[in-house]
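Enquirer: Pasting a structure below so you can have a look.
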Amino acid sequence: MAVKFWRRPLSGRSAVHACNGMVASSQPLASQTGIHILQSGGNACDAIVAMAAVLNVVEPFSTGIGGDAFALLYVPGENSPKAINGSGYSPRGLSYNYLVEELALVQMPITGVIPITVPGAISAWEMIHETYGNLSWEDILQPAIKYAQDGFPVSPVIAQVWNELVPKITSNEGSKKTYLINNERSPLQGEIFKQEALASTFKIIAKQGADTFYKGELSGRIVEFLQQENGFIQALDLAEYKAEWTTPISQEIYNNILWEHGPNGQGLVTLLILSILEELDIAQYPHNSIDYLHYLIEAKKLAFADAFAYVADPEYMIIPLTKFLSEEYAQTRASQINPREAMRPIPPPLKMGDDTVYLTAVDKDGLAVSFINSLYFGFGSGVVDPQTGIAFQNRGAGFSLIKGHPNQYMPKKRPFHTIIPALITTSENELLYSFGVMGGHHQPQGQAQVFLNLILHEMDPQTAISSPRFHHDQITNTLAIEEPIGVEIRAKLRKRGHNIVDCVGTNFGGGQIIHYNSSNGCYIGGSDPRKDGQVNGY
């Protein structure tokens, strides 16, 4: 009798199954660190901080302590998930008038010292650890210290992106000294790369806690360096900062609750997209069929138009979230979609970056963390302190300079943010999925597509994250579609007025998913093949 050989699934990877704990990140060394932390008696919160720190080392253009972070936590026994806003605000010493009158800017720059905002990530890390962590702060930072001090082999995807960012690196002396070999080239695939300055910085943080970053030894060096670079962040900007516990926003969609981080993040966009699609009964159309894709794309355009017009630091929002999340609003927006013709979207006033890491962890007790950490654009502002190894984010580029806009630049204000972790629970608040999709403005549209893959099409996590996606660019009104979505579908979309472009060079993001399987109490995970991601469980 012939053996029926096993066939690899269409996703190209198999979903990972484990019962005692699971982690997923965009880099294998980070994922291995997370699972080691869990096996050493740590919980999901310990694992997430340890992984985030390692990613600062092994994927330095995407993330780090010079950036921001957002988190959603599912805590067993609580009535609903918790949220942490680890995004920093603009410096008090930089005024709107200086930007528009003295510098004559019409939009925020994306490099240099002007878009540097107070980094919030390390405060968010410590808040997560202090509240729920099991292991010591020093212990969970040791893997990052080791990789920074001893070096790590650069993976193919990271080597490629690093090389593409060489022109940006060379524009700043600190960046060049920190991230280039002999100040000349990026590391090659497989080459061992060390970051000894960053290792020293992590050692200080491990001993002194996050306070040193905002009020102590490191804060003094940060302010000194940025002032040397003609920057605007002052000691008081750092000293007054602390990440905040916030209330996540949610919507019941197809009998499941999708949880997102509220403004100043763009989680509202995902909820709007899916609420509009439920009104249109997207479930009636086959997966990635012409009507399915058309309605998804059109709902995305409307949701982003709302976000670009109204989302800002929550203290400056002029329309309450309850309006956007109402059934009436979803019905109104759904009625504006022409089933046969693509609309022209409202161009956004912002150019968004796409370098971010998403990671998630769950432990044997059911504690789950959905986490995202970012420098915004590749290597953030491009400004790097060679003495500390800290790359500073350029989140201020997310502000608008349109006078009167809710997201208008102001001192000590949080900008519009792209990074959005997500959770899905049952209506009884039982965890179903911890997931996220990276990639700037791809995040809400990627999340919406993945949500539908999981909930409507009942795909396992690996298939759902690997499945081909579209990416619509709101500025150019262009549409990129991944294979194997075929020529026939593309031709029909063109006929409806969609401007389809080659997908080469388009950022389709990357993502991770962990699913809690209530039937056996175990976990199922998937990691995006678009990056170096890996799921580990035990």
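Enquirer: Hey, can you tell me all the residues within segment 315-336 that are in contact (Cβ under 8 Å) with a residue 60 or more places away in the chain and either among the small types (Gly, Ala, Ser) or in contact with a Pro (Cβ under 9 Å, 6 or more places away or on another chain) (or both)?
Expert: Listed by number, the residues that qualify are Tyr316, Met317, Ile318, Leu321.
Enquirer: Tally the residues that are in contact with a Pro (Cβ under 7 Å, 6 or more places away or on another chain), closer than 19 Å to Ser326 by Cβ and among the acidic types (Asp, Glu), restricting the search to segment 230-270.
Expert: Matching residues across segment 230-270 total 1.
Enquirer: Which of the residues belonging to segment 412-431 are modelled with pLDDT of 95 or more, among the aliphatic types (A, V, I, L, M) and closer than 18 Å to Gly510 by Cβ?
Expert: Answer for segment 412-431, where residues must be modelled with pLDDT of 95 or more, among the aliphatic types (A, V, I, L, M) and closer than 18 Å to Gly510 by Cβ: just Ala422.
Enquirer: Suppose we filter segment 72-93 for residues that are in contact with a Pro (Cβ under 6 Å, 6 or more places away or on another chain) and closer than 23 Å to Glu315 by Cβ; how many remain?
Expert: Looking only at that region, the number is 6.
Enquirer: OK, next. Val357 versus (1) closer than 21 Å to Pro60 by Cβ; (2) in contact with a Gly (Cβ under 8 Å, 6 or more places away or on another chain): which is the lone unmet condition?
Expert: (2)
Enquirer: Please go through segment 212-245 and give me each residue that is of a type in the set (Ser, Thr, Tyr) and either over 23 Å from the mean Cα position of the chain (by Cα) or part of a helix (DSSP H, G or I) (or both), ordered by number.
Expert: Those that are of a type in the set (Ser, Thr, Tyr) and either over 23 Å from the mean Cα position of the chain (by Cα) or part of a helix (DSSP H, G or I) (or both): Thr212, Tyr214, Ser219.
Enquirer: Gly404 passes all but one of (1) in contact (Cβ under 8 Å) with a residue 60 or more places away in the chain; (2) closer than 30 Å to Glu244 by Cα; (3) surrounded by fewer than 24 Cβ atoms within 10 Å (Cβ to Cβ); which number fails?
Expert: Single failed check for Gly404: (1).
Enquirer: Follow-up question, since we're still on this one. Can you name every residue in segment 202-211 that is over 24 Å from the mean Cα position of the chain (by Cα) and either surrounded by 24 or more Cβ atoms within 10 Å (Cβ to Cβ) or among the basic types (Lys, Arg) (or both)?
Expert: The first filter runs over segment 202-211 and keeps only residues over 24 Å from the mean Cα position of the chain (by Cα), leaving 203-204, 206-209, 211.
Residues satisfying the conditions are Lys203, Lys207.
Enquirer: Looking at segment 467-484, can you tell me whether even one residue there is without any contact (Cβ under 8 Å) to a residue 24 or more places away in the chain, touching a helix residue (DSSP H, G or I) at 6+ places or on another chain (Cβ under 7 Å), more than 30 Å from Gln189 (Cβ to Cβ) and not in a loop (DSSP other than H, G, I, E, B)?
Expert: no
Yes/no per residue for (1) over 30 Å from Ala243 (Cα atoms); (2) touching a Phe, Trp or Tyr at 6+ places or on another chain (Cβ under 7 Å); (3) not small (Gly, Ala, Ser):
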| residue | (1), (2), (3) |
| --- | --- |
| His261 | no, yes, yes |
| Gly265 | no, yes, no |
| Glu279 | yes, no, yes |
| His294 | yes, no, yes |
| Phe304 | no, no, yes |
| Asp313 | no, no, yes |
| Gln331 | yes, no, yes |
| Pro339 | yes, no, yes |
| Gly366 | no, no, no |
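Enquirer: Do we have any residue at all in segment 515-525 that's under 20 Å from the mean Cα position of the chain (by Cα), surrounded by fewer than 24 Cβ atoms within 10 Å (Cβ to Cβ) and without any contact (Cβ under 8 Å) to a residue 40 or more places away in the chain?
Expert: no
Enquirer: Out of segment 508-538, which residues are of a type in the set (Phe, Trp, Tyr) and part of a loop (DSSP other than H, G, I, E, B)?
Expert: Phe508, Tyr538
Enquirer: Also: Could you give me the residue pairs with C-beta distances under 8 Å whose first residue belongs to segment 185-205 and is more than 20 Å from Ala53 (Cβ to Cβ), whose second residue is of a type outside the set (A, V, I, L, M, F, W, C) and buried (at least 21 other Cβ atoms within 10 Å of the Cβ) wherever it lies, and which are 6+ apart or on separate chains?
Expert: The qualifying pairs are Ser186/Tyr179.
Enquirer: Run down Met127, Met108 and say which single residue is buried (at least 17 other Cβ atoms within 10 Å of the Cβ) and part of a loop (DSSP other than H, G, I, E, B).
Expert: Sole residue among the options that is buried (at least 17 other Cβ atoms within 10 Å of the Cβ) and part of a loop (DSSP other than H, G, I, E, B): Met108.
Enquirer: Can we say Asn97 is surrounded by fewer than 19 Cβ atoms within 10 Å (Cβ to Cβ) and modelled with pLDDT under 95?
Expert: For Asn97, the condition - surrounded by fewer than 19 Cβ atoms within 10 Å (Cβ to Cβ) and modelled with pLDDT under 95 - is not met.
Enquirer: Turning to a different aspect of this structure: Hey, does segment 130-147 have a residue that's farther than 25 Å from Ile84 by Cα, of a type outside the set (A, V, I, L, M) and either crowded, with 19+ Cβ neighbours inside 10 Å or at pLDDT 95 or above (or both)?
Expert: Yes: one or more hits.
Enquirer: Any residue at all in segment 450-466 that is under 18 Å from Ile419 (Cβ atoms), buried (at least 20 other Cβ atoms within 10 Å of the Cβ), touching a residue at least 24 places away in the same chain (Cβ under 8 Å) and not aliphatic (A, V, I, L, M)? I'd like the intermediate steps shown before the answer.
Expert: First, the residues of segment 450-466 that are under 18 Å from Ile419 (Cβ atoms): 450-451, 465.
Right, trim to buried (at least 20 other Cβ atoms within 10 Å of the Cβ) and you get 450-451, 465.
This time we only want the ones that are touching a residue at least 24 places away in the same chain (Cβ under 8 Å), so: 450-451, 465.
Subsequent filtering for residues that are not aliphatic (A, V, I, L, M) retains 451.
Yes, that holds for at least one residue.
Enquirer: Something else about it: Tell me, which residue of segment 246-297 that is part of a strand (DSSP E or B) and aliphatic (A, V, I, L, M) is surrounded by the fewest Cβ atoms within 10 Å (Cβ to Cβ)?
Expert: Per the criteria, the residue is Ile257.
Enquirer: To continue, here is another question. Can Leu423 be described as closer than 18 Å to Glu252 by Cα and under 18 Å from the mean Cα position of the chain (by Cα)?
Expert: Yes, satisfied.
Enquirer: If you don't mind, another one. Regarding Thr360, is this residue at pLDDT 95 or above, surrounded by 18 or more Cβ atoms within 10 Å (Cβ to Cβ), assigned to a strand (DSSP E or B) and out of contact with any Pro (no Cβ under 6 Å at 6 or more places or on another chain)?
Expert: Working: at pLDDT 95 or above: yes; surrounded by 18 or more Cβ atoms within 10 Å (Cβ to Cβ): yes; assigned to a strand (DSSP E or B): yes; out of contact with any Pro (no Cβ under 6 Å at 6 or more places or on another chain): yes.
Here the answer is yes, as Thr360 does meet what is asked.
Enquirer: Something else: Would you confirm whether any residue within segment 484-493 is farther than 23 Å from Glu430 by Cβ, modelled with pLDDT of 90 or more and surrounded by 23 or more Cβ atoms within 10 Å (Cβ to Cβ)?
Expert: Within segment 484-493, not a single residue is farther than 23 Å from Glu430 by Cβ, modelled with pLDDT of 90 or more and surrounded by 23 or more Cβ atoms within 10 Å (Cβ to Cβ).
Enquirer: Additional query: Suppose we filter segment 377-414 for residues that are within 28 Å of Trp162 (Cα to Cα), over 15 Å from the mean Cα position of the chain (by Cα) and either part of a loop (DSSP other than H, G, I, E, B) or of a type in the set (A, V, I, L, M) (or both); how many remain?
Expert: So the first thing to find is which residues in segment 377-414 are within 28 Å of Trp162 (Cα to Cα), and the list is 377-399.
The next check asks that each one be over 15 Å from the mean Cα position of the chain (by Cα); those that pass are 381-392, 396-397, 399.
Next, from what is left, pick out any that are either part of a loop (DSSP other than H, G, I, E, B) or of a type in the set (A, V, I, L, M) (or both): 381-384, 386-392, 397, 399.
Number of matching residues: 13.
Enquirer: State whether the residues of segment 432-440 include one that is of a type outside the set (Phe, Trp, Tyr), assigned to a loop (DSSP other than H, G, I, E, B) and modelled with pLDDT of 95 or more. Reasoning before the result, please.
Expert: To start, the set of residues in segment 432-440 that are of a type outside the set (Phe, Trp, Tyr) comprises 432, 434, 436-440.
Keeping just the survivors that are assigned to a loop (DSSP other than H, G, I, E, B) gives 438-440.
Those left that are additionally modelled with pLDDT of 95 or more: none.
Within segment 432-440 (the criterion being of a type outside the set (Phe, Trp, Tyr), assigned to a loop (DSSP other than H, G, I, E, B) and modelled with pLDDT of 95 or more), the answer is no, since none of the residues qualifies.
The values are calculated or read from the model by the stated rules, or taken from the named source; none is laboratory data. Nothing here was measured: the structure is a model prediction, and the numbers come from that model. Quick reminder, even Gly has a Cβ in these numbers, built from the backbone with ideal geometry, and neighbours come from all protein chains shown.
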